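The values are calculated or read from the model by the stated rules, or taken from the named source; none is laboratory data. Remember, it's a predicted structure, so these values are computed and weren't measured experimentally. We place every Cβ from the backbone using ideal geometry, glycine too, and count neighbours over all the protein chains shown. For accessibility, only protein heavy atoms count, side chains too; no ligands or nucleic acids. Shrake-Rupley method; radii C 1.70, N 1.55, O 1.52, S 1.80 Å.
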Amino acid sequence: MTVLAILATLLLSGVSDAQAQQPFRAKGKEFKDVVKYIETQFGVRKTHIPMLGLANFAFKLIRPAGVKGFKLAVFEDADFSNHPGNLSFNSFMREAYRKDWQPLVRVNSKREGNVQTYIYARNAGKDVQFAIVTFEEREAVVMEVKFNPDAAARFMDNPKIMGISIGNSIRGGGADIAGNNTGRAPSRRTPPDPSPRSGDIDSINVDHVGGAGPSSAPSARPSLNGTTSDERHPVLSGESNNRSSLPEVNADLPGSAAANDREAIRIETRLVNLNVKAVDKAGQPLKSLRQEDFLIYEDGVRQEMTHFRPVNAPVNLILMLDLSGSTKKSRDRMVDAARKFIDALPAQDRIALVAFTRKYRTLADFTSNEALLKQSIEKIRKISGGTAFYDSMWEALDNLDQISDARKAIVVLTDGEDESLVGSEETNHSFDDLLGRASEEDVTIYPIYFSASNHYNKLGVLFGGSLGVGPDSQKRTAREQLGLLAEQTGGEVISTRRQEDLDDAYRRVASEIHTLYSLAYSPDKTKHNGEFRRISVKLNRDGAIARTRKGYIDK
Amino acid sequence: MSKMEMAVRNIVWMIILMVFSTAVAQAQDARIEISHLNRLADKASEIVEVELDEKLLQLAAKFLNTKNPQEARVKELVTGLKGVYVRVFEFDKPGEYLSSDIDSIRSQLRSPGWSKIVGVRSRKENENVDVHIKMVGDAVAGLAIIAAQPQELTFINIVGMVDLEKLRDLEGQFGIPKLDLDGMAKPKPRND
């Protein structure tokens, strides 16, 4: 945590990508030895950053967060993935940091391009000194930091530099460690009431011409997603049944507001749409079930299914790509993997391509045109920015609300780290808002958790992000949130850390999407009292299990 | 106070000090020698090594917020610890580590004071997990976990006074992987 606090302080001071050598430890030459080793072995020079001397002076004078001095050397644009023998470098580090230093952490990931992190520490009187060396594919960082732990602890409680407060206590902020951490983000405005959703309630106002009775009610019926269905949207084309079970007809009563328009007959019904995955005892998807194989229960009471669509029915899908800065190095792989994903989906599926940073960009609207989609993917190479994950997901749900078909999914490639998690940006919609809405929609969400490693999150290996701050804590919160979104919508999180695994991740999602059946029913009791209605789906096959969303709010 | 009372009092203090120093020494004994595992480093595709001694644990504890319930629990737990040592090796293919690598650790865990409290053998997952604790009187003075899969070897050694009921709070902290410690009960000390 200390290291993270110091790193944060360095970053706040604008010296994150800098090199400096401050003579706080005249005898120590470990830092110089390591820098020289890297320069010699890789033929690379330290990156020079202007104004660093001034920053050093400021640190020495002000000692923010108890930091008494630091040395930092950054090496960029060299191939560090293939350095001469991991063991030899490990041995070199142990030799260089031999006297008084203690090895704390070593992380080496050959799978991620030979990423390596070394952390050493030593006591220096009342102070503590940390040495951190990291290698990534194209970047190496060598850093030594000396600080007073008591002063650092005080800084975390009351972050002040030169008597000027820079915020609330760093400790414990941003996350409720005690559990239930959903990373609630501050909302700039009251979120819109997430219900009723078009996917759940179907309201059809039918003009009653010439005083004809109910017998002249339209033959229109609700579409599977509950929006008005008419000849232009014959989405169910004969798969529906049980017309008698559909509408409950409420003629307007005298004295009611609606009764002012006595020419109208209001037909209201709620359709609850479900995307359901069925698996056998061994967990293998069951793809050839029929309507009669499913039993739907709401609050334990059997419901009558009104609509059924098999697993091979087309899906409307938004492929969302998180183009925050952390994914910049992986763009080529992202493009390639997304192309393969499009190939892997059946030709009749309709796909929209969306890129998001702080902005939500529709690169291609819903289409089955593969060539157009693949061409549109190329646009992501030029986009980079922050991460408004919650707002972007909200907008994607808005987009899907416009689709009159019920088979809808979002596949989102992201690290899930909304900027509100670090408090750098506010969001229009908090995670709780998003989760509440997603759990009521008929959209299945498949997050592909893609978190490229870097030297900062490697530090989390030591501190576990347990203190509620720091990159690792955010990552954990983000990962948990993605899990909740998937769980509540009947989807699944697929995690991948390496670019090379993206193809597999997409392939799995493409396969998963077409293991879903789409069902709908019209509840036998609609009280609109805001209570939660628990849904369960059972299969009349031994040992088979059906997975779908947990329920909906009856509003 | 009479000379006799002074003498008795001094003797009592000496006994207390001896008992305490013995307990500390035995806690230190709970550290397992694992330097032989270093040879696996060049074969492994993923390596995590963590070595936190008492000073560094106490340093880390300074940054735990006692107002946060979980951090307070972790701080309380860390206060009694003398060290946390973790090795995680992941391999691209099975057979990269030898049973003798684990046997060397197990032989140390057969020494007096150590007891195996959990042993899981999963043929389906081909995974073996052993949890050992070292008892000093009624207190747990150390813990060791070996988790061996064909392509992964994990060893965790926690040295110091460990409250098993609070141990879950250390999961995911200080490089310790998530452990399924449900149902782990404090056993009676073994008389060996």
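Any residue at all in the range A:337-356 that's in contact with a Gly (Cβ under 6 Å, 6 or more places away or on another chain), surrounded by 15 or more Cβ atoms within 10 Å (Cβ to Cβ) and outside the structural domain of A:Arg549 (by TED's automatic domain parsing)?
Of the residues in the range A:337-356, the ones in contact with a Gly (Cβ under 6 Å, 6 or more places away or on another chain) are none.
No, the range A:337-356 contains no residue that is in contact with a Gly (Cβ under 6 Å, 6 or more places away or on another chain), surrounded by 15 or more Cβ atoms within 10 Å (Cβ to Cβ) and outside the structural domain of A:Arg549 (by TED's automatic domain parsing).
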Fill in the blank from the handout: Note: among B:Asp92, B:Asp103, just one is open to solvent by 60 Å² or more (accessible area, probe 1.4 Å), acidic (Asp, Glu) and away from chain A (no Cβ under 14 Å), namely B:Asp103
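Does B:Leu64 satisfy the condition of being of a type outside the set (Phe, Trp, Tyr), open to solvent by less than 30 Å² (accessible area, probe 1.4 Å) and more than 9 Å from every other protein chain (Cβ to nearest Cβ)?
Working: of a type outside the set (Phe, Trp, Tyr): yes; open to solvent by less than 30 Å² (accessible area, probe 1.4 Å): yes; more than 9 Å from every other protein chain (Cβ to nearest Cβ): no.
No, not satisfied.
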Handout entry: Failed item in (1) within 14 Å of another protein chain (Cβ to nearest Cβ); (2) modelled with pLDDT under 85; (3) within 13 Å of the chain's Cα centre (by Cα), with B:Ile156 passing the rest
Key = (2)
Completion exercise
Within the range A:113-150, the residues that are of a type in the set (A, V, I, L, M) and more than 21 Å from A:Thr47 (Cα to Cα) are A:Ile119, A:Ala121, A:Ala124, A:Val128
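Among what's in the range B:67-89 and is charged (D, E, K, R) and open to solvent by 40 Å² or more (accessible area, probe 1.4 Å), pick the residue that is nearest to B:Gln149 (Cα to Cα). Give the steps one after another, and end with the answer.
Quick first cut of the range B:67-89, residues charged (D, E, K, R) only: B:67, B:71, B:73, B:75-76, B:82, B:87.
If we keep only those that are open to solvent by 40 Å² or more (accessible area, probe 1.4 Å) as well, we get B:67, B:73, B:75-76, B:82.
Numbers: B:Lys67: 39, B:Arg73: 31, B:Lys75: 32, B:Glu76: 33, B:Lys82: 28 Å.
The residue in question is B:Lys82.
Here are B:Leu64, B:Leu81, B:Leu59: which of them is within 19 Å of A:Leu104 (Cβ to Cβ), at pLDDT below 80 and either touching a strand residue (DSSP E or B) at 6+ places or on another chain (Cβ under 6 Å) or not β-branched (Val, Ile, Thr) (or both)? If you could, list the steps in order and put the result at the bottom.
Values: B:Leu81 fails: at pLDDT below 80; B:Leu59 fails: at pLDDT below 80.
So the residue among B:Leu64, B:Leu81, B:Leu59 that is within 19 Å of A:Leu104 (Cβ to Cβ), at pLDDT below 80 and either touching a strand residue (DSSP E or B) at 6+ places or on another chain (Cβ under 6 Å) or not β-branched (Val, Ile, Thr) (or both) is B:Leu64.
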Completion exercise
When the range A:115-152 is checked residue by residue, the ones that are facing another protein chain (nearest Cβ under 9 Å), open to solvent by 10 Å² or more (accessible area, probe 1.4 Å) and free of Cβ contacts under 8 Å to residues at least 60 places away in the same chain are A:Asn123
Exercise for the section: Give the range B:117-130 a look and list any residue that's crowded, with 16+ Cβ neighbours inside 10 Å and under 21 Å from B:His36 (Cβ atoms), or say none. Expected result: B:Val129, B:Asp130
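List the strands (runs of 3 or more DSSP E) that sit entirely inside the range A:479-544 and contain at least 3 residues that are outside the structural domain of A:Arg437 (by TED's automatic domain parsing), open to solvent by 10 Å² or more (accessible area, probe 1.4 Å) and out of contact with any Lys or Arg (no Cβ under 6 Å at 6 or more places or on another chain). Reasoning before the result, please.
Working: elements: A:494-496, A:516-521, A:531-539.
Ranges flagged: A:531-539.
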Problem - Looking only at the range B:33-50, and only at residues there that are open to solvent by 30 Å² or more (accessible area, probe 1.4 Å) and facing chain A (nearest Cβ under 7 Å), the one that is farthest from B:Leu153 (Cα to Cα) - result: B:Asp42
